[in-house]
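Reviewing the structure listed below.
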């Protein structure tokens, strides 16, 4: 039996096409550059946000893993930001992502100050990027050596009520599934809340001594479309 043909009135078709066009016009493109100290860990994590649905806002992310030290990450971010100015690639936000690790305090503090002086957003962690992962599971309030993170994350995932597998989980630094693992078995909402609360306890600029502390909550909040200041700026583009 042949399927019945559905006749669409020309006026209805024109209205649908106009609605579709209006929806496309309301999409706002936001260009964000993220320059990372690590060549795999951080880029692998941030790539998960490329497919994130933000409704009206369409994010164009450039994620670069430099594999260099703190100051060099900031310098690269400044260079790429300046090169893009006045072009179609000009960025709405530029981020430098790096850790305290074993870098001398003066270099770590200097990198953060240089980023601020040059209008570069800075998502630093003390001591390591993995502190952000831990905040998905519990409110970390005491200092931790970077060598301890791997074991602590593994324990946290295995103890999660959401983790039902009989296979013992072991954290792998460069696992491309780390974003999925942390958000599935932990809570991104709690991570933002706890990391921000700890950050607000520090009132000085001795960043190298602020342990534990991670500013990644600012970047993640932005990448999921919940940075109100950025959203206001983007809305003005219409």
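The numbers here are math on the coordinates, done by the rules we state, and not lab data. No experiment lies behind these values; they were computed from the predicted model shown. Positions of Cβ are generated from backbone atoms using ideal geometry, with glycine treated the same way; all protein chains shown enter the neighbour counts.
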Exercise. Which of the peptides 37-45, 181-189, 226-234, 112-120 is most tightly packed, and how do the rest follow, going by the mean number of other Cβ atoms within 10 Å of each residue?
Worked result: 37-45, 181-189, 112-120, 226-234
Exercise. How far is it, in nm, from the label point at residue 229 to the one at residue 165 when both lie 7 Å from their Cα along the line to the Cβ?
Worked result: 3.9
Seminar exercise, completed: Relative to the chain, whose Cα atoms define the longest principal axis, helix 149-159 and its Cα axis are tilted in degrees, nearest 10, by 60
Problem set entry | Rounded tilt (10° steps) of 10-25 against the dominant C-alpha axis of the chain | 20
Problem set entry | Spin-label pair residue 172/residue 72, simplified geometry with 7 Å Cα→Cβ offset, distance in nm | 2.7
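Hey, can you rank 54-65, 78-89 by average C-beta count inside 10 Å, highest first?
Details: 54-65: 15.4, 78-89: 12.2.
By packing density, highest mean first, the sequence is 54-65, 78-89.
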Problem set entry | Mean ellipticity per residue at 222 nm, deg cm²/dmol - from DSSP H runs of n ≥ 4 across the chain, formula -39500 (n - 2.57) | -12500 deg cm²/dmol
Problem set entry | Spin-label proximity, residue 58 to region 84-118 - amide N less than 19 Å from point 7 Å beyond Cα toward beta carbon | 87-93
Exercise. Tell me, what is the percent relative contact order of the chain, built from C-alpha pairs under 8 Å that lie six or more residues apart?
Worked result: 21
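Work the Kirkwood hydrodynamic radius out for the chain: mean of 1/r over every pair of different alpha-carbon atoms, inverted, in Å. Don't jump to the answer; show the numbers that get you there.
Numbers: mean 1/r = 0.0507 Å⁻¹.
For the chain, inverting the mean 1/r across all distinct Cα pairs yields 19.7 Å.
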For this session: Report, to the nearest 10°, how far helix 188-199 tilts away from the longest principal axis of the Cα atoms in the chain, using its own Cα long axis and a range of 0 to 90°.
Result: 40
